[in-house]
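S.K.: Supplied in structure tokens, the structure appears directly below.
The values are calculated or read from the model by the stated rules, or taken from the named source; none is laboratory data. The shown structure was predicted, so the numbers you read here are calculated from the model rather than taken from an experiment. With ideal geometry, Cβ positions are generated from the backbone for all residues, glycine too; neighbour counts draw on all protein chains shown. What goes into the accessible areas is simple: the full protein's heavy atoms, side chains included, and nothing from ligands, DNA or RNA. Shrake-Rupley method; radii C 1.70, N 1.55, O 1.52, S 1.80 Å.
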Amino acid sequence: MMDIPLSSRQLNAGILRLAVPHVTPDANNLQVMSLFNEHKSLIGLPVLENNRPIGMINRHIFLSQMSRPFFHELYDQKSCIAFMDKNPLIVDANAGLEYLSGRVIETGDKAVTEGFILTEEGQYVGIGLGIDLIRTVSDLQAKQHLQIMQSIEYARIIQESMLSRSRTTIDKTLNDWCLHWYPRDCVGGDIYAFQRAENGWLMVLADCTGHGVPGAFMTFIFASALEKALTLAPVDAPELLLSHINQHIKQTLSQVHPSADSSQSNDGCDAIALFVDTENEQMCWASARMHAFLLGAEAQQSVVLESCRKGVGYTDTPVDYQWQRYQAPLRRGDTLLLVSDGVTDQPGGPRNVMFGKKRIQSLLTQHRALPLPALSEALLAELKAWQGQQTSRDDMTWFGFRW
């Protein structure tokens, strides 16, 4: 079936109607020849009986036949039905363009090249051309595409505005930090949120299912879930925050009681909630399959922070699932980097393999003396070099800070 824009369903086949000459079975082929010579653009000549269509004479076929030796002598005075297609496509003028397009596709090239006959209550009203149908549908699709792109662009503005509040708060709170948010498409499925507290600050980073528009929808659901979770759990209890977010997403997407034959979605996110206690110089976190790296000031190599293997909101995650709480001290000069899997899973390099966690660990060690913005630029440059001509597989986000 031809992909018909929603707006075109309000239009009918009648908008394609062309008033052209027609003949009856009483007309001979000499008269048909005269009409084709008079109307150079006429590709199909309807044949009517009592104003009801019974066939169509194709210009190309007719002229080809009549140019053969002795055909003029044999057929000039005979009825025009000798070269008539007895099964042309006949469509009611009030039929929608979606229905008409389906009939044209079923009929094949004939309806596109020869056109089709339009009727009202069985009475002939004109013909339509396949090229006009294609042009009309294409124009409608172009307009619909423009409207969709304008809507997506506006969604991007909304999404960036939602994230900008956290970026502004980070800038007012931290001295040495970096944040890179890059959606694969115009909008994306990665989201971050930063909130200050009396004794520290909370950073939440999530990678929602999908990218583009579906991913962006999930980020709005996640933002709503986080806002509700912050009314139910303290900022320094990241494990409780993930639990409440999990419950909210599952309830929103009807994934609380999944069944084998149900058609509910299986959407959710990987996420980490990190709280930094600035008074006691320590951090605690809960992670749902999110990558995080800690490079100690005196350490030779960074370590990967512990994480639970259950995602947030998915059908295989119980509604009452409890994430593990982890805790570690912070020392001056420690560097922490959180990344979404769009970074680690990006294929590239000579063997077209994933960027991986070890390259991030090596980069942290190699550029440990750099301020975080410069370290972020180094990571971006190495990632782009690794990616080469490969397209981005997913949205990419990372957040880092130095204590």
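S.K.: Report, to the nearest 10°, how far helix 356-366 tilts away from the longest principal axis of the Cα atoms in the chain, using its own Cα long axis and a range of 0 to 90°.
M.R.: 50 degrees
S.K.: Using alpha carbons only, how many degrees (0 to 90, rounded to 10) separate the axis of helix 29-38 from the longest principal axis of the chain?
M.R.: Roughly 50 degrees between the two axes.
S.K.: For the chain, what is the calculated [θ] at 222 nm in deg cm²/dmol (nearest 500), taking -39500 (n - 2.57) for each run of four or more DSSP H residues and dividing by its residue count?
M.R.: -12000 deg cm²/dmol
S.K.: Rounded to the nearest Å, what's the spacing between the alpha carbon centres of the range 134-157 and the range 38-88? Just the number, please.
M.R.: Spelled out, the Cα-based centre of one part sits 42 Å from the other.
S.K.: Which entries in the list Lys110/Lys143; Lys250/Lys310; Lys228/Lys250; Lys172/Lys384 go over 21 Å, if you measure between the two C-alpha atoms of each?
M.R.: Lys110/Lys143; Lys172/Lys384
S.K.: Over the chain, give the accessible area per residue in Å² for a 1.4 Å probe, as an integer.
M.R.: 50 Å²
S.K.: Putting +1 on Lys and Arg Cβ atoms and -1 on Asp and Glu Cβ atoms, find which of Gln389, Gly311, His244 reaches farthest to the positive end of the dipole of the range 154-402.
M.R.: Gln389
S.K.: Moving to a separate point now. Just one of [x] 1.04; [y] 1.28; [z] 0.95 is Rg/Rh (Cα atoms, Kirkwood Rh) as worked out from the coordinates here. Which one is it?
M.R.: Matching entry in [x] 1.04; [y] 1.28; [z] 0.95: [y].
S.K.: Assign one of three labels to the range 193-292, namely rounded, prolate or oblate, based on the Cα gyration tensor with a ≥ b ≥ c the square roots of its eigenvalues; rounded applies when a/c is under 1.5, prolate when it is not and a/b is larger than b/c, and oblate otherwise.
M.R.: Prolate, since a/c reaches 1.5 and a/b exceeds b/c.
S.K.: Now, a different point. For the charge dipole of the range 13-128, defined by +1 on Lys and Arg C-beta atoms and -1 on Asp and Glu C-beta atoms about the Cα centroid, which residue among Val112, Gln65, Ala27 has the Cα displaced farthest towards the positive pole?
M.R.: The listed residue farthest towards the positive side: Gln65.
S.K.: Still on this structure, I have one more. Send over the per residue convex hull volume for the range 13-128, Cα only, as a whole number of Å³.
M.R.: Convex hull of Cα atoms, per residue: 87 Å³.
S.K.: Follow-up question, since we're still on this one. With a cap of 15 neighbouring Cβ atoms within 10 Å, and only residues DSSP puts in a loop, list the trypsin sites (Lys or Arg not before Pro) found in the range 41-109.
M.R.: Lys78, Lys86
S.K.: Towards the positive end of the charge dipole of the chain, with charges on Cβ (+1 Lys, Arg; -1 Asp, Glu), say which of Leu274, Thr231, His367 has the farthest Cα.
M.R.: His367
S.K.: Determine the principal axes of the Cα atoms in the range 292-392, then give the extent along each, sorted from largest to smallest and rounded to whole angstroms.
M.R.: 43, 38, 21
S.K.: Gly126's amide H: which non-local residues (gap 5+, or another chain) put their own amide H closer than 5 Å, with H modeled 1.01 Å from N in plane and none for Pro or chain starts?
M.R.: Placed amide hydrogens put Leu118 under 5 Å from Gly126.
S.K.: Another question, then. To the nearest 20 debye, what charge dipole does the chain have about its Cα centre, counting +1 at the Cβ of each Lys and Arg and -1 at the Cβ of each Asp and Glu?
M.R.: 660 debye
S.K.: Starting at the first residue of the range 101-107, write each ³J(HN,Hα) from the Karplus equation 6.51 cos²θ - 1.76 cosθ + 1.60 with θ = phi - 60°, in whole Hz, x for Gly and Pro.
M.R.: Result, ordered by residue: 4, x, 5, 4, 5, 4, 6 Hz.
S.K.: Please report the carbon-and-sulfur percent of the accessible area for the range 13-128; probe 1.4 Å, protein heavy atoms only, DNA, RNA and ligands left out.
M.R.: 51 percent
S.K.: Additional query: How would you order 213-226, 104-117 from highest to lowest mean count of nearby Cβ atoms within 10 Å?
M.R.: 213-226, 104-117
S.K.: While we're here: Report, in whole Å, the centroid distance computed from the Cα atoms of the range 272-303 and the range 221-250.
M.R.: 20 Å
S.K.: Rounded to a whole number, what % of the accessible area of the range 301-368 do carbon and sulfur atoms account for, probe 1.4 Å?
M.R.: 48 percent
S.K.: Which chymotrypsin sites (Phe, Trp or Tyr not before Pro) does the range 1-103 hold that lie in a coil by DSSP with at most 12 other beta carbons within 10 Å?
M.R.: Answer by residue number: Phe70.
S.K.: For a quick protection proxy, order the peptides 153-166, 352-365 by their average other-Cβ count within 10 Å, most packed first.
M.R.: By packing density, highest mean first, the sequence is 352-365, 153-166.
S.K.: Given Cα pairs under 8 Å that are at least 6 residues apart, what percent is the relative contact order of the chain?
M.R.: Relative CO of the chain lands at 13 percent.
S.K.: If a cysteine in the chain has no other Cys Cβ under 4.7 Å from its own Cβ, put it on the list, ordered by number.
M.R.: Taking the Cβ cut-off of 4.7 Å, the unpaired cysteines of the chain are Cys80, Cys178, Cys186, Cys284, Cys308.
S.K.: Take the Cβ-Cβ distance between Thr391 and Gln301 as r, set R0 to 25 Å, and report the resulting FRET efficiency rounded to the nearest 0.05.
M.R.: The value I calculate is 0.20.
S.K.: What are the ³J(HN,Hα) values, in whole Hz, obtained from phi via the Karplus relation 6.51 cos²θ - 1.76 cosθ + 1.60 with θ = phi - 60°, for each residue of the range 144-159 in sequence order, with x given for Gly and Pro?
M.R.: 5, 4, 4, 5, 5, 5, 5, 5, 5, 4, 5, 4, 4, 4, 5, 5
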